[in-house]
Amino acid sequence: MRRFFSFCILIFFATAIWARDYSQKIYIWRGIDGMETQLRDSILYVCEGENAKNRPAVIICPGGSYHHLGMAHEGFATARWFVSHGFVAFVLRYRVAYNEHHFPDQLEDFQRAIQIVRENADDFGIDKQKVGAIGFSAGGHLVTMAGEFSHTDELKKLGINTAESLRPDFVMPIYPVVSMQDDIAHKWSRTSLLGHKFSAPDAEKGWSIFNLRGFKYSQSLKNRFSMENPENIPDDMPPVFLLACEDDDVVMFENSVRLDKSLNERGISHVFISYKTGGHGFGMKKSSKIMKNTHWNDEKLLPWLKEIGVLDFENNYKEEK
């Protein structure tokens, strides 16, 4: 009973902290036939600073192995930084395997979010042609997939039609899950995304003494969801800001190396920022060691956002004054 009481207090304070970060929350499937049961699992939190027009926007996808979500350090901490630089930030609570969700649920959530953002651009005070996405770990896979699969309209399959583009204007995968290939895949993320034979049409039950989880995926399925696969990268792939650390002990650094190589081969505008040390999961949490040592968001990400024209070099925001 005492543990339950302590847990409730923790949830209360966490909710109170988040409430200071967002001005409203949008249940993205409300009013959509057949999707009402998804309301609590798919929420878009709106974080905005001073009222203005034609601001850039960013959709933030926390990580968590496609199983759970790191909403605090990868979600709302990130939102605070973007808001301080003139963005309207949207933290996306997308569906994950913890609640029995697998592909295409995550991409449906992202595409629904970007539809809502663009269709309500005037109300939010944003420039609908400057809507990007940042994702961490598995969230990095999601935003990369959103860029690569932007012409695969998952919303239409749900009976939703929109005139707005589902393509993010720029994507920022940070220490991302990239590959589904056996040699470098983050297998928990892969299983969470692709599910089992009942949810992934190309998955096979393959239990053996060497495969205790019992999941076996065809090569075609692994290729389809490997974001480093050059065949997945379209000619209109958005500009990419890719960042990872060589000592990442959760998602192999080689994931980012292969994505960088494929983006180079396809001639996609991008930068690849790597650090010798820093590990995984630091998000934009100010107390993390790598943030203190590198200030990667201020020193690397901010100049890139200016370079690609999302932020104006002449515009001075709060932290720059």
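A few remarks follow.
- Single unsatisfied condition, V46 versus (1) under 20 Å from A185 (Cβ atoms); (2) surrounded by fewer than 24 Cβ atoms within 10 Å (Cβ to Cβ); (3) at pLDDT 95 or above: (1)
- Qualifying residue in segment 127-135 (condition: among the β-branched types (V, I, T) and within 10 Å of the chain's Cα centre (by Cα)): yes
- Index of the failed condition, M71 passing every other in (1) within 19 Å of Y27 (Cα to Cα); (2) touching a residue at least 12 places away in the same chain (Cβ under 8 Å); (3) open to solvent by 10 Å² or more (accessible area, probe 1.4 Å): (3)
- Verdict on P238 being in contact with a helix residue (DSSP H, G or I) (Cβ under 6 Å, 6 or more places away or on another chain), modelled with pLDDT of 95 or more and surrounded by fewer than 17 Cβ atoms within 10 Å (Cβ to Cβ): no
- One residue stands out in segment 78-89 among those that are touching an Asp or Glu at 6+ places or on another chain (Cβ under 8 Å) and part of a helix (DSSP H, G or I): the one that is least open to solvent (accessible area, probe 1.4 Å), namely A79.
- Unmet requirement for V178, which otherwise passes all of (1) assigned to a strand (DSSP E or B); (2) out of contact with any strand residue (DSSP E or B) (no Cβ under 8 Å at 6 or more places or on another chain): (1)
- Enumeration of residues in segment 22-77 that are farther than 27 Å from L301 by Cβ and in a strand (DSSP E or B): Y27
- Subset of segment 149-172 that is touching a strand residue (DSSP E or B) at 6+ places or on another chain (Cβ under 9 Å) and open to solvent by less than 10 Å² (accessible area, probe 1.4 Å) - its residue that is farthest from S274 (Cα to Cα): P168
- The single condition among (1) at positive phi; (2) surrounded by fewer than 19 Cβ atoms within 10 Å (Cβ to Cβ) that D122 does not satisfy is (1).
- From the list S287, S274, S262, the one residue that fits, being exposed (fewer than 13 other Cβ atoms within 10 Å of the Cβ) and of a type in the set (S, T, Y), is S287.
- Cβ-Cβ under 6 Å pairs, at least 6 apart or on other chains, segment 253-276 side over 16 Å from V143 (Cα atoms), far side open to solvent by less than 70 Å² (accessible area, probe 1.4 Å) and aromatic (F, W, Y): none
- Only a single criterion out of (1) closer than 17 Å to G64 by Cα; (2) in a helix (DSSP H, G or I); (3) of a type in the set (A, V, I, L, M, F, W, C) is not satisfied by A113, namely (1).
- Any chance M291 is in contact with a Lys or Arg (Cβ under 8 Å, 6 or more places away or on another chain) and over 18 Å from V143 (Cα atoms): yes
- Within segment 90-104, being in contact (Cβ under 8 Å) with a residue 60 or more places away in the chain and either of a type outside the set (A, V, I, L, M) or in a helix (DSSP H, G or I) (or both) holds for A97, H101, H102, F103.
The values are calculated or read from the model by the stated rules, or taken from the named source; none is laboratory data. The structure displayed is predicted, hence computed values, not measured ones. Ideal geometry is used to build each Cβ from the backbone, glycine not excepted, and the neighbour counts take in all protein chains shown. For accessibility, only protein heavy atoms count, side chains too; no ligands or nucleic acids. Shrake-Rupley method; radii C 1.70, N 1.55, O 1.52, S 1.80 Å.
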